[in-house]
1. Can you run phi through the Karplus equation (6.51, -1.76, 1.60; θ = phi - 60°) for region 56-67 and list ³J(HN,Hα) in whole Hz, with x for Gly and Pro?
2. Per residue, how big is the convex hull around the C-alpha atoms of region 40-95? Give it to me in cubic angstrom, could you?
3. Between SER22 and ASN77, what is the label-point separation in nm under the 7 Å Cα-to-beta-carbon projection?
4. Based on the mean of other Cβ atoms within 10 Å per residue, sort peptides 23-36, 60-73 so the most packed one is first.
5. Which far-off residues, 5 or more places away or on another chain, put their amide H under 5 Å from the one on PHE51, with H placed in the peptide plane?
6. Would you compute the Debye intensity of the chain from its alpha-carbon atoms alone, equal scatterers and no solvent, and pass along log10 I(q)/I(0) at q = 0.16 Å⁻¹ to two decimals?
7. Rounded to the nearest Å, what's the spacing between the alpha carbon centres of region 14-42 and region 56-129? Just the number, please.
8. In nm, what is the difference between 0.36 nm times the number of residues separating LYS107 and ALA31 and their Cα-Cα distance?
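Only the coordinates and a few stated rules stand behind these numbers; no lab work does. Computed from a predicted structure; not experimentally measured. No Cβ is skipped: glycine too gets one built from the backbone with ideal geometry, and neighbour counts run over all protein chains shown.
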Amino acid sequence: MAVAQTDRSTERVLELTLISTSSSGFPPAPAPAQVFTDYGNTFQTKTGRSFGTWGVQGAVLSTRGGTLITQVVGTFNTPEGLITSQGIGPAEAIRKTAVTGGTGSFKKASGYVEIGQNNQRVKIHLFNQ
């Protein structure tokens, strides 16, 4: 779906459902430098059609003051190309990450990824593809 923007760019929103097939799990007692991963299949939310795979790698950066700070890097491997994203912040609050690049149809993309509360649904907002 393309939506006109005031800066004359267009926005395309991909609404995806993520199904995890392999996960290292979040550390039970997180400490700085611990790493976690997750990987799985991606489906178009509205149609249920397969739309590639996805993977996330994260690292615990700090637990100071009882706040867990993590950095996450994600990749969506779609039939149209790759989309990469990255974010940093309190683990429970990382609900948006920046689109940092892409390949194929997404080679000029910028934008952001909205992450649903259960981490199973995402909306990828893409500009200038």
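1. Each residue's phi maps through the Karplus curve to give 10, 10, x, 9, 7, 9, 7, 10, 4, x, x, 9 Hz.
2. Cα-based convex hull of region 40-95, divided per residue, equals 83 Å³.
3. Label at ASN77, label at SER22, 0.9 nm between them.
4. With the highest mean Cβ count within 10 Å placed first, the list reads 60-73, 23-36.
5. Amide H neighbours of PHE51: THR42, PHE43, GLN44.
6. After summing over all Cα pairs, the log10 values are -0.80.
7. Spelled out, the Cα-based centre of one part sits 12 Å from the other.
8. My answer for the length gained is 23.8 nm.
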